[in-house]
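Peer 1: Encoded as structure tokens, here's the structure I'll be asking about.
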Amino acid sequence: EAGVAQSPRYKIIEKRQSVAFWCNPISGHATLYWYQQILGQGPKLLIQFQNNGVVDDSQLPKDRFSAERLKGVDSTLKIQPAKLEDSAVYLCASSPLGGGQHNEQFFGPGTRLTVL
Amino acid sequence: GENVEQHPSTLSVQEGDSAVIKCTYSDSASNYFPWYKQELGKRPQLIIDIRSNVGEKKDQRIAVTLNKTAKHFSLHITETQPEDSAVYFCAAKARGSTLGRLYFGRGTQLTVWP
């Protein structure tokens with residue numbers, strides 16, 4: 001099966017600029033996650049969708065980050081305005097089920113963001 | 001929320017030797033513990049996982065053990081090969097937490113020397 005797709009793969013912007021990332025999960029996967037992975041650290045969950053509804057955005061800096069998952073398929077993550085500390089790899093993941101069941105999260109290749 | 005600590009941060013072994021990575025977690029309600037392997041510039045990939053009703057699980061050269069009382073779990077890789085070189089992340093998910101949310105450790109950079 002096709003994996004999780006993300007674009008762009010790399011992005012370089014200046015601070016205070018805006019940027020958007022796109023994710024296409026594995027077909028049929030109900031749950032979609034956006035993670036931030038800062039160099040040398042493990043992924044940190046930013047937001048989780050089940051179908052097109054948000055189930056966890058407690059770690060999302062809502063003053064500058066936003067995300068949506070229209071129609072319960074593709075998702076976009078936006079940063080506006082960007083700060084230097086937003087430099088990281090942004091990983092999208094999807095899993096077949098939600099509901100607290102244990103099921104593998106499949107990760108996309110990530111978008112490496114550099115904020116200058 | 002859950003807090004996952006992972007040690008060591010770097011690990012170097014000779015090809016053929018064993019490697020052990022250890023993680024501790026804080027939330028006694030955590031009940032699912034996956035391990036991910038991330039090669040340089042690539043996506044994390046699940047290599048093995050364990051549920052809280054099991055103490056040990058093996059898959060060829062890799063195994064994971066879980067001690068619920070001590071709240072720690074470990075990854076064991078035997079007969080290491082150069083292609084095992086990567087960053088390994090442990091994670092934990094609490095039964096009572098938001099649906100499917102994983103808390104990751106900081107990662108272990110494993111280097112296997114030929």
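The values are calculated or read from the model by the stated rules, or taken from the named source; none is laboratory data. What you are looking at is a predicted structure, and each value in this text was computed from that prediction instead of being measured. Note that we place each Cβ from the backbone using ideal geometry, even for glycine, and neighbour counts take in every protein chain shown. All accessible areas refer to the heavy atoms of the entire protein, side chains included, with ligands and DNA or RNA removed. Shrake-Rupley method; radii C 1.70, N 1.55, O 1.52, S 1.80 Å.
Peer 1: Along the principal axes of its C-alpha atoms, what lengths does the range B:51-92 span, in descending order and rounded to whole Å?
Peer 2: 34, 19, 14 Å, listed from the longest principal axis down.
Peer 1: If the viscosity is 1.567 mPa s and the temperature 4 °C, what translational diffusion coefficient in µm²/s does Stokes-Einstein give for chain A when Rh comes from Kirkwood over Cα pairs?
Peer 2: Answer, rounded: 92 µm²/s.
Peer 1: At 7 Å along Cα-to-Cβ for each site, give me the label-to-label distance between B:Glu39 and B:Arg51 in nm.
Peer 2: Going from the B:Glu39 label point to the B:Arg51 one covers 3.1 nm.
Peer 1: Using only protein heavy atoms and a 1.4 Å probe, report how much of B:Arg61 is accessible, in Å² to the nearest 10.
Peer 2: So the heavy atoms of B:Arg61 present about 60 Å² to solvent.
Peer 1: Past 22 Å, Cα to Cα, is the threshold; run A:Lys15/A:Lys71; B:Lys37/B:Lys93; A:Lys44/B:Lys93 against it and keep the listed order.
Peer 2: Long pairs (Cα-Cα over 22 Å): A:Lys15/A:Lys71.
Peer 1: Whose amide H sits under 5 Å from the amide H of B:Ile48, counting only residues 5 or more places off or on another chain, with H placed in the peptide plane?
Peer 2: B:Trp35
Peer 1: In square angstrom, rounded to the nearest 10, how much accessible surface does A:Ile12 have for a 1.4 Å probe?
Peer 2: Using a 1.4 Å probe on the heavy atoms, I get roughly 120 Å².
Peer 1: Give me D for the range B:1-62 in µm² s⁻¹, whole number, from Stokes-Einstein with Rh from the Kirkwood sum over alpha-carbon pairs, 37 °C and 0.692 mPa s.
Peer 2: 238
Peer 1: Hey, another quick one. Compute the projected area of the convex hull of the Cα atoms of chain B, averaged over all viewing directions, and report it in nm² to one decimal place.
Peer 2: Taking the Cα atoms of chain B, their convex hull projects to 6.7 nm² on average.
Peer 1: Just how much of B:Ser9 is accessible, in Å², when a 1.4 Å probe is used and the result is rounded to the nearest 10?
Peer 2: Solvent-accessible area, nearest 10 Å²: 80 Å².
Peer 1: Please compute the Kirkwood hydrodynamic radius of the protein assembly as shown from all pairs of different C-alpha atoms, in Å with one decimal.
Peer 2: About 18.1 Å, per the Kirkwood formula over Cα pairs.
Peer 1: So for A:Trp22, A:Trp34, B:Trp113, what's the accessible-area order with a 1.4 Å probe, most first?
Peer 2: Reading off the accessible areas and sorting them downward yields B:Trp113, A:Trp22, A:Trp34.
Peer 1: Starting from the eigenvalues of the Cα gyration tensor, five times each then square-rooted, give me the equivalent ellipsoid semi-axes of the range A:30-86, largest first, whole Å.
Peer 2: 20, 13, 9
Peer 1: Using a 7 Å offset from the Cα along the Cα-to-Cβ direction at both A:Leu70 and B:Gln60, what is the distance between the two label points in nm, to one decimal?
Peer 2: My value for the distance between the label points is 4.3 nm.
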